[in-house]
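The values are calculated or read from the model by the stated rules, or taken from the named source; none is laboratory data. Nothing here was measured: the structure is a model prediction, and the numbers come from that model. With ideal geometry, Cβ positions are generated from the backbone for all residues, glycine too; neighbour counts draw on all protein chains shown. Only protein heavy atoms, including side chains, enter the accessible area calculation; ligands, DNA and RNA are left aside. Shrake-Rupley method; radii C 1.70, N 1.55, O 1.52, S 1.80 Å.
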Amino acid sequence: MDIPLTSFIDFVLKSGSPKMTSAKKIKSQSEEDYNVATDYYKRFREAVQELHKKDLQKATLLKIVGPLPPNKVENYKKMAEGYKKFLGRKGVKWFKPSRENWKQGNLNIAINPELGLEWDGKKYLVKLYLKAEKPSKDRLASILALMNHTIVSTDCTFAVLDVRNSKIYTYENEMDLMMPLVEGEAKALESILSQI
């Protein structure tokens, strides 16, 4: 069963009845075909990728996104401002990011950093975090540990970018301490999904 990384991490970090709610949501998502209309952040992710692939000016980011429905305008504006602030004066170069699948039992979780960026002589594989609330330490550690565990890359630094707050978090060795928890939660999720 294919499960989005974000949904899986949401499950990992919940406890009690919210964990069951999260599992039911994952089950429901897996039974539906992917729908662009329900992917709130898709156009932003694609615009950032296009910005770098075509080496465009950061000021054009919202133009690349194009017209938005009224309910997205403010959020997309905040994300664009945060992303441009993160770029600052960095001279970034694009490269195609590695993408791998982490398999646990019947679960298949895509580990898919959206960006491959190089600046100051270092290469980064960057997962974009686009939600309004700040990412928790455990969320960051879980994502970065999974990236390190799954993507074979000797010359890249794994990173999560909190886009709205222009803050980048990079992988640290102690984050691997999350892997036994993450693996255990994958087994728990697989068991729950088989029973609901």
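Does Lys85 fit the bill of being surrounded by fewer than 17 Cβ atoms within 10 Å (Cβ to Cβ) and touching a residue at least 40 places away in the same chain (Cβ under 8 Å)? Considered against the rule, which asks whether it is surrounded by fewer than 17 Cβ atoms within 10 Å (Cβ to Cβ) and touching a residue at least 40 places away in the same chain (Cβ under 8 Å), Lys85 comes out as yes. Which condition does Pro180 not pass, out of (1) under 21 Å from Ser15 (Cβ atoms); (2) in contact (Cβ under 8 Å) with a residue 12 or more places away in the chain, if it passes all the others? Pro180 satisfies all of (1) under 21 Å from Ser15 (Cβ atoms); (2) in contact (Cβ under 8 Å) with a residue 12 or more places away in the chain except (2). Among the residues making up region 158-196, those that are open to solvent by less than 50 Å² (accessible area, probe 1.4 Å), closer than 18 Å to Val48 by Cβ and either more than 19 Å from the chain's Cα centre (by Cα) or not aliphatic (A, V, I, L, M) (or both) are Phe158, Asp162, Arg164, Ser166. Take the conditions (1) open to solvent by less than 60 Å² (accessible area, probe 1.4 Å); (2) of a type outside the set (Val, Ile, Thr); (3) modelled with pLDDT of 95 or more; Lys122 misses just one of them, which is (1). Taking into account only those residues within region 125-152 that are open to solvent by less than 30 Å² (accessible area, probe 1.4 Å) and not aliphatic (A, V, I, L, M), which is nearest to Pro180 (Cα to Cα)? Among residues in region 125-152 that are open to solvent by less than 30 Å² (accessible area, probe 1.4 Å) and not aliphatic (A, V, I, L, M), the one nearest to Pro180 (Cα to Cα) is Ser142. Filtered by the rule that a residue be touching a Phe, Trp or Tyr at 6+ places or on another chain (Cβ under 7 Å) and hydrophobic (A, V, I, L, M, F, W, C), region 118-142 gives Leu125, Leu130, Leu140. Only residues that are within 18 Å of Ile111 (Cβ to Cβ) and touching a strand residue (DSSP E or B) at 6+ places or on another chain (Cβ under 8 Å) were counted across region 148-167, and they come to 13. For region 118-128, the set of residues classified as of a type outside the set (Val, Ile, Thr) and under 21 Å from Asn173 (Cα atoms) consists of Lys122, Lys123, Tyr124, Leu125, Lys127, Leu128, listed by residue number.
Per-residue answers, yes or no, for (1) among the β-branched types (Val, Ile, Thr); (2) within 18 Å of Pro4 (Cα to Cα):
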site	(1), (2)
Ala145	no, yes
Ile151	yes, yes
Phe158	no, no
Ser166	no, no
